[in-house]
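My structure is below; once you've seen it, I'll send some questions.
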Amino acid sequence: MTTSSTSPSTLPPVAFIGGGNMASAIIGGLLRQGMPASDIIVVEPYEAAREALQANFGIAALTEAGPALQRAALVVWAVKPQTFKDAAAAAAAHTRHALHLSVAAGITTDSIAAWLGTARLVRAMPNTPALVGKGMTGLYARPEVDADGKALIARVMGSTGQLLWVDQEQKLDAVTAISGSGPAYVFLFLEAMTRAGVDMGLTAEQAHQLAVATFQGGAELAARSDESPEVLRQRVTSKGGTTHAAITHMQEQQVPEHFIAAMRKAEARAQELAAEFGR
């Protein structure tokens, strides 16, 4: 697992096909670290999204793909899986010279390479904490991507948080299930903890503060510790105590097993997306 200390001001021009949340997270990270807005090209067909890009970053996005994309050394595909093929057909003639990075869930690099007419392609699975610079992105590079290409991708995505390269593309389905979809799991637990706090007499604001700080602190402790999550859990679970009562109930209700099964559902859905939209 790596982080990247970047110097985006020295990056070549980068184009984004799609200007929604994930593109905005990457763009924001690049601009904060010194990349000029004039070196960022965005194609975004939706007016509201174009207006947000102008208001937030001073970027006048294009409504459709065109010759302006030929400036880009890297093209970032931040489109929905179901629109990727059509977007690629519109842009391919202007981008075959470039390195490509896809952040679209599920669509394999074989499909993308066929649509774009180039195999210089990296596929990424980021997550929404990238919006605040705390993202976790899994990355897979096709063999046609050289070390310089991987370094360029790392510099771009490093502006959003941590990176993890995998050596087989199918492992990105596991990345999707754990970290790509993972923020929603955290939010679900935060919802439940907040509701429990209110049920026990706290205000919603108090319960929310306690829950969020507990997740932040627990995650930081796990990140800094050499001990496994199992050992860390055991250290705060005194037999007969309050934590033991809660953990025992979760185990009796098979919460860990259900949680694992839920992530396997996410993995399976990532595979289904590839089959559904990758043709």
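Of all residues in the range 168-226, how many are farther than 23 Å from residue 260 by Cα and touching a residue at least 60 places away in the same chain (Cβ under 8 Å)?
Selection size over the range 168-226: 0.
Being more than 19 Å from residue 122 (Cβ to Cβ), of a type in the set (Val, Ile, Thr) and part of a loop (DSSP other than H, G, I, E, B) is the filter here; which residues of the range 60-112 pass it?
If the condition is that a residue be more than 19 Å from residue 122 (Cβ to Cβ), of a type in the set (Val, Ile, Thr) and part of a loop (DSSP other than H, G, I, E, B), then 63 is the only one that fits.
Here's another thing I want to ask about it. Before we move on, is residue 151 surrounded by fewer than 20 Cβ atoms within 10 Å (Cβ to Cβ), free of Cβ contacts under 8 Å to residues at least 24 places away in the same chain and closer than 26 Å to residue 113 by Cα? Full working, then the answer.
On the way: surrounded by fewer than 20 Cβ atoms within 10 Å (Cβ to Cβ): yes; free of Cβ contacts under 8 Å to residues at least 24 places away in the same chain: yes; closer than 26 Å to residue 113 by Cα: yes.
Taking the combined requirement at face value, the residue satisfies it.
Can you tell which of 163, 172, 152, 190 is of a type in the set (A, V, I, L, M, F, W, C) and in contact with a Ser or Thr (Cβ under 6 Å, 6 or more places away or on another chain)?
Values: 172 fails: in contact with a Ser or Thr (Cβ under 6 Å, 6 or more places away or on another chain); 152 fails: in contact with a Ser or Thr (Cβ under 6 Å, 6 or more places away or on another chain); 190 fails: in contact with a Ser or Thr (Cβ under 6 Å, 6 or more places away or on another chain).
Criteria check complete, one pass: 163.
Looking only at the range 156-175, count how many residues are over 24 Å from residue 220 (Cβ atoms) and crowded, with 20+ Cβ neighbours inside 10 Å.
Summing the residues that are over 24 Å from residue 220 (Cβ atoms) and crowded, with 20+ Cβ neighbours inside 10 Å in the range 156-175 gives 3.
Looking at the range 122-134, can you tell me whether even one residue there is within 29 Å of residue 63 (Cα to Cα), among the small types (Gly, Ala, Ser) and either out of contact with any helix residue (DSSP H, G or I) (no Cβ under 9 Å at 6 or more places or on another chain) or not in a helix (DSSP H, G or I) (or both)? Before you say what the answer is, go through the steps one by one.
At the first step, the residues of the range 122-134 found to be within 29 Å of residue 63 (Cα to Cα) are 122-133.
Now restrict to residues that are among the small types (Gly, Ala, Ser): 124, 130, 133.
Now restrict to residues that are either out of contact with any helix residue (DSSP H, G or I) (no Cβ under 9 Å at 6 or more places or on another chain) or not in a helix (DSSP H, G or I) (or both): 124, 133.
The answer is yes; a qualifying residue exists.
I'm told residue 72 meets every condition in (1) modelled with pLDDT of 95 or more; (2) crowded, with 22+ Cβ neighbours inside 10 Å; (3) within 20 Å of the chain's Cα centre (by Cα) except one. Can you identify the failing condition by its number?
Here residue 72 meets the rest and fails (3).
The values are calculated or read from the model by the stated rules, or taken from the named source; none is laboratory data. Just so we're clear, the structure is a prediction, and the values are computed from it rather than from any experiment. So basically every Cβ, Gly included, is an ideal-geometry build from the backbone, and we count neighbours across all protein chains shown.
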